[in-house]
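Q: Pasting a structure here, questions to come.
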Amino acid sequence: MEIDDQNPASTAAESPETLPGGENEELDNPAEPTQPAATSVIPPSIVPAIAPIPPPIIRPLAPLPSRPPLFRPPVTQNGELRTSDSDSEHDELAPARTAPGSTAEYEISEESRQARERHEKAMQEFLMKRRASALAVPTNDMAVRARLRRLGEPITLFGEREMERRDRLRSIMARLDAEGQLEKLMKVHEEEEAAATGGTEEAEEEVLQYPFYTEGSKALLDARIDIAKYSILRASSRLERAKRKRDDPDEDVEAEMDWALRQAESLVLDCSEIGDDRPLSGCSFSSDGKFLATSSLSGVAKLWSMPQVRKVSNFKGHTERVTDVMFSPVNECLATASADRTARLWSPEGSLLKTFEGHLDRLARIAFHPSGKYLGTTSFDKTWRLWDVETGVELLLQEGHSRSVYGIAFHQDGSLVSSCGLDALARVWDLRTGRSVLALEGHVKPVLGVSFSPNGYHLATGGEDNTCRIWDLRKKKSLYIIPAHSNLVSQVKYEPQEGYFLVTASFDMTAKIWSARDFKPVKTLSGHEAKVTSLDIISDGQCIATVSHDRTIKLWSVNSKDKQTMDID
């Protein structure tokens, strides 16, 4: 090819003069070098033509398999039916993704179609929520109720709270906006503006007509004032005493606590007496420690002299089982609670003084206010009530528990009262204002016993979850959890003088003493043959009484050789 390209004219001009035998002569004498002549040119007939390089053969690609056309369901937006916007994109990209001569698209599987539908539904819900959050919804609960009423919706649902009601209104408004019913929303808004501008006086009258609180009686107001005055003096005395113990170098609180715990550790079974023909449900020491009262499922309460545990008198009058008994802190009168829905006040001789009627279900526990003027009762009608001991009038009907109320205890200052119930909740109420100041959540099962510490800021609760919880009222939270028993805790009480230890009773047939310093076990009182239902501690902490379903009263006292009396301040 190169020779042809370089000498095309020479080859054409000299080709007639070339001899036919020139090629043979060169072949016959291969060893002799040949001198190329300057004018000799290789004829085209002698030099074989170089074959041209064939172009590369491009083989066609195999065609892609044809698929049926893609079906896209219509999408609904703002009430109009339209196809997906992605159809045009698929039409433009179809030639690039299909084989030549094939216009069909790939088929979408059922799972992919369902996933796409779920995605589109989630997007619609997200946009709906986003639009709902942008709507103006009133914050006042009364305004929310009024707008729901104007929209033809129920103003409240069962168990619905204020924030839940507001969220429901927002979702309803977003749905109406998405359905194109803006006129309805605008009409409701205009009605609200007209009502707000023209009915100001009526709104004030409604507020006065429907107060957010329940108006109490004049007797309750007087009782609250009396309790406030009483509690101020008691709290002042308690704080002065605590400051004196802290600042006085002669006061050794740790030594006193060690002595009290040693005394509690030395408690032994001193006496056991059959208390009734039926199981016993409650017991209580008198303020001077000379008497012990017990209650029984037979419907009879009994008074016993101490320390010989000899029966003094019977208290008969209840028509059902007696669930609890409690001595007054200021005199020797005692009160009993019964399943016949009444509480009764008795004299030490056994005569009936007052009957407190009003509960709608059987009573559980009972407690006296430290002043001795008021009596608190709990009931399975989900309420606890406060009574005037002198007049027998019901001063307060307090709701707040979602299930039956079981235990009740008054603060030593008289300003607070704590209630616990089968809703696994303990509440602390301020008697001076009537407000629930604390809701103690932590137990996972019903709470059956509650007790305030004499230090003023600790509260103990025991329940069916077999634990005793210590709560710090200053921090408003649980301070310690005592895994107390192998069965439910039926009663819990602090030592009444200083609160150096607390005692728990349980259905595991034992009562246990716990240190109030580190909440470690000090002593286990074993001896009952059935469930221990109640206990009480004498004022000086030297004796503990327990009653049980085995119908016995057991007294646990300090050994006579170790018995000493703690100085009462």
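Q: Taking the stated definitions as given, is V309 hydrophobic (A, V, I, L, M, F, W, C) and at positive phi?
A: It is true that V309 is hydrophobic (A, V, I, L, M, F, W, C) and at positive phi.
Q: Another question about this same structure. Can you run down the residue pairs with Cβ atoms below 8 Å, 6 or more apart or on separate chains, where the first is in the range 308-323 and touching a residue at least 60 places away in the same chain (Cβ under 8 Å) and the partner is assigned to a strand (DSSP E or B)?
A: So the pair list comes out as V309/C271; V309/E273; V309/L292; V309/I553; V309/L555.
Q: Run down L395, L345, L375 and say which single residue is part of a strand (DSSP E or B), in contact (Cβ under 8 Å) with a residue 24 or more places away in the chain, touching a helix residue (DSSP H, G or I) at 6+ places or on another chain (Cβ under 8 Å) and not charged (D, E, K, R). Walk me through it before giving the result.
A: Values: L345 fails: touching a helix residue (DSSP H, G or I) at 6+ places or on another chain (Cβ under 8 Å); L375 fails: touching a helix residue (DSSP H, G or I) at 6+ places or on another chain (Cβ under 8 Å).
Checking each option against the conditions leaves just L395.
Q: Here is a follow-up. Restricting the range 371-396 to residues that are open to solvent by 30 Å² or more (accessible area, probe 1.4 Å) and not acidic (D, E), which is nearest to the chain's Cα centre (by Cα)?
A: K382
Residue by residue, here is whether (1) of a type in the set (F, W, Y); (2) farther than 24 Å from E240 by Cβ; (3) more than 18 Å from the chain's Cα centre (by Cα); (4) open to solvent by 10 Å² or more (accessible area, probe 1.4 Å) holds:
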| site | (1), (2), (3), (4) |
| --- | --- |
| A426 | no, yes, no, no |
| V444 | no, yes, no, yes |
| F452 | yes, no, yes, no |
| T461 | no, yes, yes, no |
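Q: Scanning for something at pLDDT below 95, hydrophobic (A, V, I, L, M, F, W, C), in contact with a Pro (Cβ under 8 Å, 6 or more places away or on another chain) and open to solvent by 70 Å² or more (accessible area, probe 1.4 Å), does the range 268-275 turn up at least one residue?
A: No, the range 268-275 has no match at all.
Q: Any residue in the range 544-569 that is surrounded by 13 or more Cβ atoms within 10 Å (Cβ to Cβ) sitting within a Cβ distance under 9 Å of a residue that is of a type in the set (K, R) and at pLDDT below 55? List the pairs, counting only those 6 or more apart or interchain.
A: S557/K563
Q: Also, I was wondering about something else. Of all residues in the range 385-423, count the ones that are under 14 Å from R224 (Cβ atoms) and among the acidic types (D, E).
A: Final tally of qualifying residues: 1.
Q: If I go through the range 234-258 residue by residue, how many of them are open to solvent by less than 50 Å² (accessible area, probe 1.4 Å) and at pLDDT 90 or above?
A: 3
Q: Quick one: count up the residues across the range 466-502 that are open to solvent by less than 40 Å² (accessible area, probe 1.4 Å), touching a residue at least 40 places away in the same chain (Cβ under 8 Å) and either under 16 Å from L425 (Cβ atoms) or not acidic (D, E) (or both).
A: Result for the range 466-502: 16.
The values are calculated or read from the model by the stated rules, or taken from the named source; none is laboratory data. Nothing here was measured: the structure is a model prediction, and the numbers come from that model. Methodologically, a virtual Cβ is constructed for each residue, glycine included, from the backbone with ideal geometry; neighbour enumeration extends over all protein chains shown. Ligands, DNA and RNA are excluded from the accessible area calculation, which covers all protein heavy atoms including side chains. Shrake-Rupley method; radii C 1.70, N 1.55, O 1.52, S 1.80 Å.
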